[in-house]
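The values are calculated or read from the model by the stated rules, or taken from the named source; none is laboratory data. Treat the numbers as computed from the prediction; the structure is a model and nothing was measured. FYI the Cβ positions are ideal-geometry reconstructions off the backbone, even for glycines, and counts take in every protein chain you see. SASA here: full protein model, heavy atoms, side chains in, ligands and nucleic acids out. Shrake-Rupley method; radii C 1.70, N 1.55, O 1.52, S 1.80 Å.
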Amino acid sequence: MAAEFLWTLGDASQLEDAIDGILLNGRSEGRIAIVGRSNVGKSSLINRLVGSKVAQTSAQPGKTRALHFYDWKDGKKIIVDLPGYGFAKQSKDDRQQWANLIADYIQADEGLECGIVLLDARNGPSDKDVGAIDFLRDQSIPMLFVVTKIDLWRTQSDRIKRIREIEKIIGDMGYGKELIFYTSSEKGTGMRELQAEVKREAAPTKFEE
Ligand SMILES: Nc1nc2c(ncn2[C@@H]2O[C@H](COP(=O)(O)OP(=O)(O)OP(=O)(O)O)[C@@H](O)[C@H]2O)c(=O)[nH]1
Ligand SMILES: [Mg+2]
């Protein structure tokens, strides 16, 4: 089997158990966190990346409400599906609770090698996307950027406009074009390149400094 479900973290009180105990007991694989707005295609990308349908996807935003950990055996990584941000129907309290849970996890897991930030091909990066990138940067988490749903680009000029916009915003934050991957989980576009890059991710830079 290419990948299997490991563990769900629904509450910060389980963090210690997750990091030091049940989840990572005896496991040295680096963790890769999938970050992005609700409905951007995080769970779909995970399924494509690991080559099996381990993560639940849904047309309804807000499907993934806890942190789900998957053992990607071929890649020798643990993939973490994070709850999406910017889910409109959420109450302010819920939103804060989710943000705290994600932040607590990111700060607690020293084995987190990389954050993959997903950006919807149909919109330019939003303020919330920029906020998430800032947050990861503040924690010294290396990042890759994955543009999702590129099968929904209708015209060549649409494609060019969006690519320029994405490169500009990511570039202004200090990240190069080589870190941006253009994908479709629907068609499988760009997956091989992304898989190779994620497999290559080495020890976290925050511990090399
Ligand atoms: N056309 C197209 N649709 C996609 C693609 N990737 C995901 N989707 C659709 O987008 C919707 C949301 O996908 P999910 O993978 O569940 O998104 P998510 O980011 O995990 O959402 P939450 O768990 O709610 O945060 C589903 O209807 C998917 O079928 C893609 O590459 N192309
Ligand atoms: Mg999801």
Q: Determine whether the stretch 129-143 contains at least one residue that is in a helix (DSSP H, G or I), more than 16 Å from ligand 2 (Cβ to nearest atom) and modelled with pLDDT of 95 or more.
A: no
Q) In this structure, is Leu82 within 14 Å of ligand 2 (Cβ to nearest atom) and either open to solvent by 30 Å² or more (accessible area, probe 1.4 Å) or more than 20 Å from Leu194 (Cα to Cα) (or both)? A) no
Q.
Of the residues Ser28, Ser38, Ser58, only one is out of contact with any Asp or Glu (no Cβ under 9 Å at 6 or more places or on another chain), away from ligand 1 (no atom under 13 Å from the Cβ) and either open to solvent by 20 Å² or more (accessible area, probe 1.4 Å) or not aromatic (Phe, Trp, Tyr) (or both); which?
A. Ser28
Q. If you scan the stretch 177-194, which residues turn out to be open to solvent by 50 Å² or more (accessible area, probe 1.4 Å) and not basic (Lys, Arg)?
A. Glu178, Tyr182, Glu186, Thr189, Glu193
Q.
Checking Lys168 against (1) in a helix (DSSP H, G or I); (2) surrounded by 14 or more Cβ atoms within 10 Å (Cβ to Cβ); (3) of a type in the set (D, E, K, R), only one condition comes out false. Which one?
A. (2)
Q | Every pair of residues 6+ apart whose Cβ atoms lie under 7 Å, when the first sits in the stretch 150-164 and is touching a residue at least 40 places away in the same chain (Cβ under 8 Å) and assigned to a helix (DSSP H, G or I) while the second is surrounded by 11 or more Cβ atoms within 10 Å (Cβ to Cβ) and not small (Gly, Ala, Ser) | A | Ile150/Tyr182; Ile150/Thr183; Ile150/Thr189; Arg162/Trp153
Q) Which condition does Ser58 not pass, out of (1) over 19 Å from Lys128 (Cα atoms); (2) more than 9 Å from ligand 2 (Cβ to nearest atom), if it passes all the others? A) (2)
Q) Looking at the stretch 108-123, is at least one residue within 16 Å of ligand 2 (Cβ to nearest atom) and farther than 30 Å from Ser28 by Cα? A) yes
Q: Give Asp151, Asp74, Asp104 a once-over and let me know the one that is acidic (Asp, Glu) and at pLDDT 95 or above.
A: Asp151
Q. If only one of Gly124, Gly190 is touching a residue at least 40 places away in the same chain (Cβ under 8 Å), in contact with a strand residue (DSSP E or B) (Cβ under 8 Å, 6 or more places away or on another chain) and not β-branched (Val, Ile, Thr), which one is it?
A. Gly190
